[in-house]
Amino acid sequence: MMKALIVIDYTIDFVTGKLPCGEPGIALEQRIAELTKQFVQQGDVVVMAVDLHEENDQYHPETKLFPPHNIRGTEGRNLYGTLQQVYENYSDDIYWSDKTRYSAFCGTDLQLRLNTRGIREIHLVGVCTDICILHTAVDAYNLGYNVVIHEDAVASFNAIGHDWALSHFRATLGAQIFNNGEPV
Ligand code: ZN
């Protein structure tokens, strides 16, 4: 059975740029690149779910909440570190999905793409554990997917939020938590 890896918001702006996760995000660089290559080479579906904002968008709810980030056409939307090169190397096998809300499902065709390929198991990695990973996991739960969270490939600027979200994924969303590719 095919599965999908959804790499969420691992961009320059979210790691070291305009709305940075900082050290915990930087620390994921090799692991996210490794998982991306592994899933592509296995023939599984890989999706880069990447936040997209327009400059001075007065109608967007995040405008009141966060400094401008991941603005269309800016370098901050490039993937962070080696992941950008991995994406370029495998761009025929990786689906780039722009999203404008926290969840990778909100306002995108992600569900249709997964369903047409018969995918029921999705693996989530990226940032931030307690924001975009959380909202994507909640939608995935409501849509009936089996969800796997790689705890060695998610991070947040908020350590308490990160820990809370990991416990929520397991205890409330019934997600499997993986470390080093194995259930923990
Ligand atoms: Zn955003």
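The values are calculated or read from the model by the stated rules, or taken from the named source; none is laboratory data. Computed from a prediction, not measured in an experiment: that's the story for all the values here. Here the Cβ is made from the backbone with ideal geometry for all residues, glycine too, and neighbour counts use every protein chain on show. Areas reflect the complete protein model, heavy atoms only, side chains present, ligands, DNA and RNA absent. Shrake-Rupley method; radii C 1.70, N 1.55, O 1.52, S 1.80 Å.
Details
- Listed by chain and number, the aspartates and glutamates whose alpha-carbon sits under 19 Å from that of residue 37, ignoring those within fewer than 8 places in the same chain, are 9, 29, 88, 92, 93, 121, 151, 152, 182.
- Probing with 1.4 Å while keeping every protein chain in the model, the per residue accessible area of the stretch 16-65 equals 54 Å².
- With all protein chains in place and a 1.4 Å probe, the accessible surface of the stretch 1-110 carries 50 percent carbon and sulfur.
- Look at the alpha carbon pairs under 8 Å that are at least 6 residues apart: their mean separation over the length of the chain gives a relative contact order of 26 percent.
- The stretch 112-161, accessible area per residue, ligands and nucleic acids excluded (1.4 Å, Å²): 39 Å²
- When the chain is treated as a Gaussian network with alpha carbon springs shorter than 10 Å, the biggest mean-square fluctuation among 27, 104, 153 belongs to 27.
- Counted charge near residue 133, where neighbours are those whose Cβ lies closer than 12 Å (Asp, Glu -1; Lys, Arg +1): -4
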